[in-house]
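Below is one structure, written out as structure tokens; comments come after it.
The values are calculated or read from the model by the stated rules, or taken from the named source; none is laboratory data. Quick caveat: nothing in here was measured; it's all calculated off a predicted structure. Here Cβ is always computed from backbone atoms with ideal geometry, including for glycine, and neighbour counts include all displayed protein chains. SASA here: full protein model, heavy atoms, side chains in, ligands and nucleic acids out. Shrake-Rupley method; radii C 1.70, N 1.55, O 1.52, S 1.80 Å.
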Amino acid sequence: MTAPHPFAPRISGALKRIAPSQTTAMTDRATQLRAEGRDIISLSVGEPDFDTPAHVVAAMKDALDAGQTRYTPVGGTAAMKRAAALHFARDLALDVPVSQITVSAGGKQAIFHALLATVNPGDEVVIPAPWWVSYPEIVRFAGGEVVPLPTRPEHDFRFTAGQLEAAITPRTRWLLLNSPGNPTGAVFPAADLLAIGDVLDRHPQVMVMSDDIYAPLIYTGERHATLAALRPDLADRVLTVSGVSKSHAMTGLRIGVATGPEWLVRAMEKLQSHSSGNPASISQAGAVAAFEGPQDFLADWRETFRRRRDLVVARVNAIPGLSTPLPQGAFYCFVDADPLIGGAIADDAALALHLLEHGVAVVAASAFGGDHCGLAGFRISFAASEATLNEALDRIERAVGALEKTR
Ligand code: GLU
């Protein structure tokens, strides 16, 4: 009798190509350490610490009471798509019909589905680095090749049209744009986007993913600019992604909205019909209220974030070995800690662990492709109170001081 084969775990080739999300991994680790009684300040995840607006919460309670707990259309209810159309027109200057809008479980799912629906093995996707952790992993999962477009703090983490031109090949399928950007807070003004548009004119095979999730959070006083609005003639190859997670403190409710050419939106919904189905019905009711209700609180939130940014930047730059430029948007500060790397601290992942030992959770720069830009350090999310940020910076200062002593 032959022995039966023992069971062995079998992971797909696609999954083996990707790494876990470092933003969520570090945040889960911080939560776990806290549950074990450790005093950890988590500046690892990007989510506003404000309460979800009361009118949004009320709309979700009403939806529950009205029994809105059943399936909805895969790409969102008619009311949800109308509310998203209002948002795109009012906040991003994009007048689009509901047929060109789809709604998903967070912006992340919209990006995931769009890339999976369009990237073939060997296709290239140009991603400005430092990048949000999930972009390259989704591209690799789809079988595509990541082409990094390195940027530097001394240029406010913006790439040039010339750099983009040099990165594009006949195999380039997408350019991923994220302004205001995670993890650097880089903001691409209209002039930069127009120059990018000129490059795209010469390369009709390239589509653009414009991730505008941080659009309300710009500290320069300038209005947010987005490619599809500036260059409507290119809109048939731009997917613009937005949502309520950052603008309305609704991260856990998972609603993302996207608009682009109808063929792409339908392709994304085809995939969504087999992955999650519709985004949560109650969350959709909340997102309708978020887009249709008052937006005036956003000015206060922005001002609060701006003060926190100034505090964090001033304190980081006062710590020997650490430096950061002033982020122009979003709520992240990308800290260069290169002078601290070496010896006991072999790389920035080790530095992040050292900071965790001192009670602060941050995410290493390498998780965001910082190594492609010659940068080692970490990202701080400053979506926390000034008191919390000050305490976290005290701890970071002590942690860096402890390193100095061992060097
Ligand atoms: N986008 C946020 C961040 O970068 C949330 C976590 C995630 O999805 O990566 O922290």
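Miscellaneous remarks
- Residue within the stretch 386-405 that is open to solvent by 10 Å² or more (accessible area, probe 1.4 Å), in a loop (DSSP other than H, G, I, E, B), at pLDDT below 95 and among the basic types (Lys, Arg) present: no
- Restricting the stretch 1-51 to residues that are among the hydroxyl-bearing types (Ser, Thr, Tyr) and open to solvent by less than 50 Å² (accessible area, probe 1.4 Å), the residue that is nearest to the ligand (Cβ to nearest atom) is THR23.
- Candidates LEU64, LEU33, filtered to the one that is over 30 Å from GLY359 (Cβ atoms) and either modelled with pLDDT of 95 or more or out of contact with any His (no Cβ under 8 Å at 6 or more places or on another chain) (or both): LEU64
- Only one of ALA267, ALA318 that is of a type outside the set (Ser, Thr, Tyr), away from the ligand (no atom under 16 Å from the Cβ) and closer than 30 Å to PRO97 by Cβ: ALA267
Results for (1) surrounded by 24 or more Cβ atoms within 10 Å (Cβ to Cβ); (2) in contact with an Asp or Glu (Cβ under 7 Å, 6 or more places away or on another chain), shown as yes or no for each residue.
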position	(1), (2)
PRO327	yes, no
ASP336	no, no
PRO339	no, no
ILE345	no, no
ALA350	no, no
ALA365	yes, yes
CYS373	no, no
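- Strands (runs of 3 or more DSSP E) fully within the stretch 53-154 counting 1 or more residues that are in contact (Cβ under 8 Å) with a residue 40 or more places away in the chain, within 23 Å of ASP212 (Cα to Cα) and touching a Leu at 6+ places or on another chain (Cβ under 8 Å): 124-129
- Failed item, numbered, when ALA361 is tested on (1) under 20 Å from GLU404 (Cβ atoms); (2) within 16 Å of the ligand (Cβ to nearest atom): (1)
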